[in-house]
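Just so it is clear, none of the values below were taken in a lab; they were calculated from the coordinates. Bear in mind that the values here come from a model prediction, so they are computed numbers and not experimental data. Reconstructed Cβ throughout: ideal geometry from the backbone, glycine too, with neighbour counts over all protein chains shown.
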Amino acid sequence: MPGITLLCFAASYSVAFAIELAGLWVRFGWHRVAMIGMAIAGLVAHSLYLASIAAGDVAILSSPANWMLVVAWVLAALYLWVVFAAPGSAMGLFVLPLVLGLIALAKNTTYQPFADANAPQFWNWLHGSLLLLATVAVCVGFLAGLMYLIQSWRLKHKLPPSPRFRLPSLEKLARTNSRSLGISAVLVAGGFFSGVVLSRLKDGGNTDYHLLADPVVLSLLGMLLWLVVAEIFRLAYPAARQGRKVAYMTLASFGFLVITLLTFAMTGAHGGPTVPSDNPDRESTSMHGANPTKVRP
């Protein structure tokens, strides 16, 4: 969409985060209105940017850059929901930096498609959707785990509650941690195995492509194995003693996610070259040697 760039909504989210951060020390009469207004402005611009992609000739989840922008949009929408559902919560201090990090990563990674146009559309959609939801679940678990550890530390040191830095209760955070860990394991497993099926359908006759030599596949497999082990530990461990341990596991899960996202960014998705660009009219080449095709961010 003309006039809307990554910088537009990144700047709005940055101002909202700055206002939220400043609120730890000083609050003015229109503090909350300004913060919400900038967050809404960012989400609207973000939505229009994604809508322009969906209206074009490229599927919304077709590339690493678009995929990260959709994850960032979901997290920004969740943040606004929390702002209205739990006024005074300090969620923005945790969510907005993650949103900005995903936008920055999208800015510096490729818009080349994950798979060529001949790949089965159902498996493309299923694979991308499951991994998108898994990424959101891991991010939510990471934020809940981080807030759990901070809240636990404050209670341990008997720090008085602050109206300017309110977090959910330990019970709610522990419940969110546990659920996000289990949901993440199921979604990543679905995304991984649907990706295996998609790869077999698309690259079955390509002797130059080896699934287990693909750095993206290996990083995703490592993440899946960790989530399965973590979920088994969570189910086997007494519920009353899970709190901090599950929080640490969700933080570690986020570490695996970061490795996978960085692999996307550095390899251009499934071993292809990375071509970072924000030019809507550039020429790109498919990940597996297809003819050059024009894509737009």
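Inter-label distance, residue 25 to residue 47: 3.4 nm, where each label sits 7 Å from its Cα along the C-beta direction.
A simple spin-label model places the labels of residue 162 and residue 86 1.7 nm from each other, with each point 7 Å out along Cα-to-Cβ. Extension gain for residue 129 to residue 175 (0.36 nm times residue separation, less C-alpha to C-alpha distance): 14.1 nm. For residue 186 and residue 18, a Förster radius of 30 Å and the Cβ-Cβ distance give a FRET efficiency of 0.20, rounded to the nearest 0.05. Relative to the Cα centre, the charge distribution of the stretch 137-201, modelled as +1 at Lys and Arg Cβ and -1 at Asp and Glu Cβ, gives a dipole magnitude of about 300 debye. Full extension of the chain segment joining residue 54 with residue 233 gains 60.4 nm, where the gain is 0.36 nm per residue of separation less the Cα-Cα distance.
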